[in-house]
Amino acid sequence: MKDEELQSKVITFLRFPLIVGVVLIHASFRSLVLNGMNMLNPEDFPYYTGTINLFADVLARTTVPLLFFFSGFLFFYKSDFTFSSYGNKIKKRGKTLLIPYLFWNLEVIFILFLTSLIFPHLMSGAHLLIQNYTFVDWINSFYAIDLGRPICMQLWFLRDLMVVMIFSPIIFLLLKYLRQYILFIFGTLWFFNCWFSLPGFDIGVIFFFSVGAYFSIHKRNFVTDMKPLFPWVIFIYPVFVIGDLLSTQYEWGKYIYSAQILVGMVFAITLSAYFISRGRWKVNAFLAGASFFVYAYHNMALLFIWKSLFKLLYPVTDAMLVFMYFFCSCLTILLGLALYYVLKKYLPRFTQLITGGR
C-alpha cells in the first residue's frame, strides 16, 4: 500500500472512532437535573467517577485535537493557496459547514421548545425557555458570545473551525515562511494556556489546525513522518494515561494532560496505520459517512436517553451508573446510525444537506 493511500485510509478510518470518543465525553454526566433538582452526585459513586475520568477525561480527549488536525490537513490538501482558491474553499465550506451548523442549532431549539410543552418534567429548569428568548438570546444560541458554546453545544467545533478557516490566509503565510517555528509558538501558547478567552478563537483550535495544515502546505505525509515513533508510543502512551489520571489534583497535572493529548494523537494515527497497512483493520464506508450525522445529532438524544433511563432505573450503585454510561452511549450511537441509514435511503438530498454533503 502506497504511503498516500495509507494516509487517506487512516483519516477515513478514524472518523467514526473519533466521534465515538466525542459521545463518550458528553455521556459523562457529573450532574443530572430533573425538575430543578440535581439527582447525581459523583462523590457518592467513586467507581463511576473513575470510569468517566478514564474514558471521557483522558482517553477520549485526543479526539477533538485530531479532528482539528485532519481538518487543517484537508483544507490545504493538494491545492496551491491563492485568493481564488481561498474564495472557492470558503464557498464550499458554506455548504459543508455553515448550512449544517444552522440546521442543527435550529433543530435543538425546536426540540427544546416541544419538550418544554410536552415533557416539562424532563427540563432542568436552569435555562430560559425558548418562548421567552430575547434578541440577544437568539444570537447566543448560534454563536454563544456569552455562553461559550452554541445551543447545540457540540457544534462549537464547527463554529471554531469556520472561524479558523476564515483566517486561513494568515495561517498559510505563517506556516509557509516561519514553518515549524510558528507551530512551536502556537504549541507553547496552548501547552501553557497563555491565551485570551473568546469564543471562536481558541488557541488549541489554531494550534492543531495549523499542525495539520503544515503537513499539507509543505507536502509532507504525516503517517510516514510518525511511523518511526510507533514502537515508542506503544509503551509511552499508557504511562501518560496513568500519569494523567494520578495527577489531576495537582497544579502541574495540566501539563501531563496536554502531553498525553499529543502522545495520544501520535498513538491513534500510528496504531491505525499499522493495522490498516497489514489488512487487519478495514475502512467501513458507511460508518465513516455516518460520522458527521452521529456527531451532530447525538447530544440531545443522549441527554433524553440518560434522563429517561435514570427516571426508570433510579440507579443507586456504581455498577448501575457505569452500565448507564456505556449503555446510553452505545444506544445513542446505534440509534444515530439507524436514523442516518433510513434518512439516507429515503431522503438522500435532505440527508446530504444536513450533513454537508458527506
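A compact table of results
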quantity	calculated
Qualifying residue in segment 331-338 (condition: out of contact with any helix residue (DSSP H, G or I) (no Cβ under 6 Å at 6 or more places or on another chain) and modelled with pLDDT under 95)	no
Check on F13, farther than 18 Å from H298 by Cα and either over 22 Å from the mean Cα position of the chain (by Cα) or without any contact (Cβ under 8 Å) to a residue 40 or more places away in the chain (or both)	no
Looking only at segment 46-97, and only at residues there that are within 18 Å of R358 (Cα to Cα), touching a helix residue (DSSP H, G or I) at 6+ places or on another chain (Cβ under 8 Å) and open to solvent by less than 30 Å² (accessible area, probe 1.4 Å), the one that is modelled with the lowest pLDDT	K89
Tabulated pairs, segment 219-235, first in a loop (DSSP other than H, G, I, E, B), second aliphatic (A, V, I, L, M), C-beta under 9 angstrom, 6+ apart or interchain	N221/L6
Verdict on Y340 being of a type in the set (S, T, Y), within 18 Å of the chain's Cα centre (by Cα) and closer than 29 Å to R93 by Cα	no
Long-range neighbours under 7 Å by Cβ, at least six apart or interchain, first residue under 15 Å from L173 (Cβ atoms) within segment 74-94, second outside any helix (DSSP H, G or I)	S85/S79
Selection status of L112, of a type outside the set (F, W, Y), touching a residue at least 24 places away in the same chain (Cβ under 8 Å) and open to solvent by less than 40 Å² (accessible area, probe 1.4 Å)	no
Some residue of segment 233-244 being touching a Ser or Thr at 6+ places or on another chain (Cβ under 8 Å) and either closer than 27 Å to I11 by Cβ or surrounded by fewer than 20 Cβ atoms within 10 Å (Cβ to Cβ) (or both)	yes
Residue within segment 32-41 that is of a type outside the set (K, R), out of contact with any Leu (no Cβ under 6 Å at 6 or more places or on another chain) and in a helix (DSSP H, G or I) present	no
In segment 116-144, residue modelled with the lowest pLDDT [restricted to those that are polar (S, T, N, Q) and either in contact with a helix residue (DSSP H, G or I) (Cβ under 6 Å, 6 or more places away or on another chain) or part of a loop (DSSP other than H, G, I, E, B) (or both)]	S124
Residues located in segment 298-314, provided they are out of contact with any Ser or Thr (no Cβ under 7 Å at 6 or more places or on another chain) and either of a type in the set (K, R) or at pLDDT 95 or above (or both)	K307, K311
Matching entry among P169, P150 (being on the phi < 0 side of the Ramachandran plot and in a loop (DSSP other than H, G, I, E, B))	P150
Count of segment 18-39 residues which are touching a residue at least 40 places away in the same chain (Cβ under 8 Å) and either surrounded by 15 or more Cβ atoms within 10 Å (Cβ to Cβ) or closer than 22 Å to V283 by Cα (or both)	15
Segment 184-205, residues that are touching a helix residue (DSSP H, G or I) at 6+ places or on another chain (Cβ under 6 Å) and in a helix (DSSP H, G or I)	F186, G187, L189, W190, F191, I203, G204, V205
Subset of segment 98-107 [within 14 Å of T351 (Cα to Cα) and either open to solvent by 70 Å² or more (accessible area, probe 1.4 Å) or among the hydrophobic types (A, V, I, L, M, F, W, C) (or both)]	I99, F103, W104
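The values are calculated or read from the model by the stated rules, or taken from the named source; none is laboratory data. Fair warning: this is a prediction, and the values are worked out from it, not measured in the lab. Reconstructed Cβ throughout: ideal geometry from the backbone, glycine too, with neighbour counts over all protein chains shown. Heavy atoms of the whole protein, side chains included, go into the accessibility calculation; ligands, DNA and RNA do not. Shrake-Rupley method; radii C 1.70, N 1.55, O 1.52, S 1.80 Å.
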